[in-house]
Each structure stands twice: as structure tokens, then as C-alpha cells.
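Derivation of every value follows stated rules applied to the coordinates shown; laboratory data play no part. In this text the structure is predicted, and so the values were computed from the model without any measurement. Neighbour counts run over all protein chains shown; Cβ positions are idealised from the backbone, glycine included.
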Amino acid sequence: MTDDPTGAQEFTGYKALVTGGASGIGRATAELLARRGAHVAVLDRDPADLPETGGPLVAHRADVTDDASVRAAVGAATDALGGLDIVVNNAGMGAQGTVEDNDDAEWQRVFDVNLLGIVRTTRAALPHLRASAAAGRAPAIVNTCSIAALAGLPQRALYSASKGAVYALTLAMAADHVREGIRVNCVTPGTVDTPWVGRLLDAADDPVAERAALEARQPTGRLVTADEVAAAIAYLAGPHSGSTTGTALAVDGGMQGLRLRPAGR
Ligand SMILES: NC(=O)c1ccc[n+]([C@@H]2O[C@H](COP(=O)([O-])OP(=O)(O)OC[C@H]3O[C@@H](n4cnc5c(N)ncnc54)[C@H](O)[C@@H]3O)[C@@H](O)[C@H]2O)c1
């Protein structure tokens, strides 16, 4: 792990937990927080190549749909870190189709991961975040939401509904905990070049055309990088955003706010 190119070390002494931190956006976030000085625990149902002891990123195996495993992992991570100041609720899963295409079990499964996963992790973490605030630190929660919460995307009815709920939950949590000194924000990424999107492209009839369509949907003309989302999460989690709570920070290549004319016209 190299030093952060910005040289920033604003997380020195901070303890952070990142769910879904073994891959993609969560992995980039865990690595960035660690490079900037934090001690970081990853909660993931599949820790991949991350060690479960030792190393700058320690993985705790848990599934966010299982309350007992989440409580055990949050407790073990907090014990190992010696406290907890930052929670990044990032674990999530996708779903494709219109409102007709997913059965009830799939709706419940996606909400269980994307929404209740945040509820379970936050519930387990809050006593530790309160202790962080009581110790004069600056605890923060950042949720990984999505552009799908805020813009109508085709073939994403279930996924969008789950992320819309994440957005609403972010606001409600921010209101509930602001007077305890705990800030709560979310990021709303556009399409990010992660293993998840790689799997979607692999499954497409024409992966090259599908990638081109996803790139063209973003005004910047390219996919977002996981590092760009990680940098936004780090800003919201860190000491420089002390007056920012209850917000959604777009990292979407301009997808939500811009209305471009066709190129050259
Ligand atoms: N990739 C995108 O285009 C994009 C865009 C907007 C939002 N997001 C959101 O970003 C987050 C991360 O996505 P990514 O693209 O990095 O995906 P990814 O597949 O690369 O990583 C997701 C990680 O979450 C873990 N995970 C999944 N379900 C879990 C569960 N039940 N319990 C514990 N861990 C679990 C996986 O093991 C994996 O390590 C998700 O919440 C997703 O909705 C992604």
C-alpha cells in the first residue's frame, strides 16, 4: 500500500469499518482511509484476498442480512480497532428489470441487503459511535446510495426503490443523530467501473456496445472510477466536512444534474 498521493493524513488515529469493503468501491474506500492514517476493518461476506488477522485492512466475515453475524463482526472489529469512529455502509447488490420482472422473494432479498443491511450495521455500531463522540472525536456514517435513487433509470425498478430508501434513511438518520454529534451522509455514484459492472457487462449480449451505452449515459463520457467514489466518501467521513450532514454527494459524471445537447450540435 503506497502513501496517499495527496499526502493527506487526516484519519490518523481514526477507526473505520467499511461494509462490502473487499471489492470495488468499498475496497477503494478502505484502502484510501488506511493510506490516510485510519485503522480499517472490512465487513464482507466474502473477504476475498484480505487477511482475517494482521495487515492494514483486517476482514471480518459477515453477511449484512444476518443480524447476529453483523453484531458479532462489528463487536469484533471494534474490539480489535480499540473503538469506532467511522462507518461506511457500502455493501449492496443489484437487480435488473421493470416492476413486473422480480418476484416477492427477490424484492425482499434486495431490500434485505441494500436497506436492512445498513440498518443492522448502524444499529450495532451506534453505541461505539456515541462513545467516539463522547471522547471528543468526530464520528460519521457514510452510506453508498446511487444515482438510481434520484433519476429514473430503465430496467432498475427494484434496485432504484432500494436505493431511494437508502437516501431517505440517510436523511432520517442524520436528523436523529445530529445532536449526538454523529454526522450521516451518502454518496450517489453513477456507473462505476467495479467488478460488479464487469459482471453486468460480461452478461450482456454485446459487452462492448453495453459499455459504450453506459459511458454515453454519463456527460463525462466515461465510467466513474472506484477511487473517485472513495475520495468522496472519505471527504464525508472525515474532519473537513464537520458541517455537512444529511446530504447526498453526487459522483456521477454529471448524470443527475446536466442536460447536454448531442455532441457537435
Ligand atoms: N458499481 C456501480 O456502478 C455502482 C453505482 C452506484 C452505487 N453502487 C453501490 O456501491 C456499492 C458497492 O458496489 P460495487 O460496485 O463496489 O460492487 P462489488 O460487487 O465490487 O463489491 C460489493 C462488495 O459487497 C459485498 N457484499 C455483497 N453483499 C453482501 C452481504 N449481504 N453482506 C456482506 N457483504 C456483501 C461483496 O462481497 C463485495 O465485496 C453497492 O452498494 C452498490 O449498490 C455501485
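Quick look at the numbers
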{"quantity": "Packing-based ranking, highest mean first, of 126-136, 233-243, 9-19, 96-106 given that Cβ atoms within 10 Å are counted", "calculated": "9-19, 233-243, 126-136, 96-106"}
{"quantity": "Helix 104-114 axis, angle to the chain major axis (alpha carbon atoms, nearest 10°)", "calculated": "50 degrees"}
{"quantity": "Packing-based ranking, highest mean first, of 159-169, 186-196 given that Cβ atoms within 10 Å are counted", "calculated": "186-196, 159-169"}
{"quantity": "Computed lengthening from Ala105 to Thr53, 0.36 nm per intervening residue step minus Cα-Cα distance", "calculated": "15.2 nm"}
{"quantity": "Bins of 5 Å from zero: percent of alpha-carbon pairs in the chain", "calculated": "1, 6, 13, 18, 20, 17, 12, 7, 4, 1, 0, 0"}
{"quantity": "Acute angle (nearest 10 degrees) that the helix 207-217 long axis makes with the longest principal axis of the chain, alpha-carbon atoms", "calculated": "80 degrees"}
{"quantity": "For the stretch 160-265, the Rg and Dmax computed from alpha carbons only, in angstrom", "calculated": "16.4, 52"}
{"quantity": "Computed helical MRE - 222 nm, the chain, DSSP H runs ≥ 4 contributing -39500 (n - 2.57), nearest 500", "calculated": "-13500 deg cm²/dmol"}
{"quantity": "Angle in degrees between helix 157-177 and the longest Cα principal axis of the chain, rounded to the nearest 10", "calculated": "30 degrees"}
{"quantity": "For peptides 199-207, 216-224, 84-92, sequence by mean Cβ density within 10 Å, most packed first", "calculated": "84-92, 216-224, 199-207"}
{"quantity": "Dipole in debye (nearest 20) - the chain, about Cα centre, beta carbon charges: Lys, Arg +1; Asp, Glu -1", "calculated": "900 debye"}
{"quantity": "Distance (nanometres) between label positions extended 7 Å along Cα→Cβ at Ala175 and Ala204", "calculated": "3.9 nm"}
{"quantity": "Pair Arg222, Thr12: separation of 7 Å Cα→Cβ label points (nm)", "calculated": "3.3 nm"}
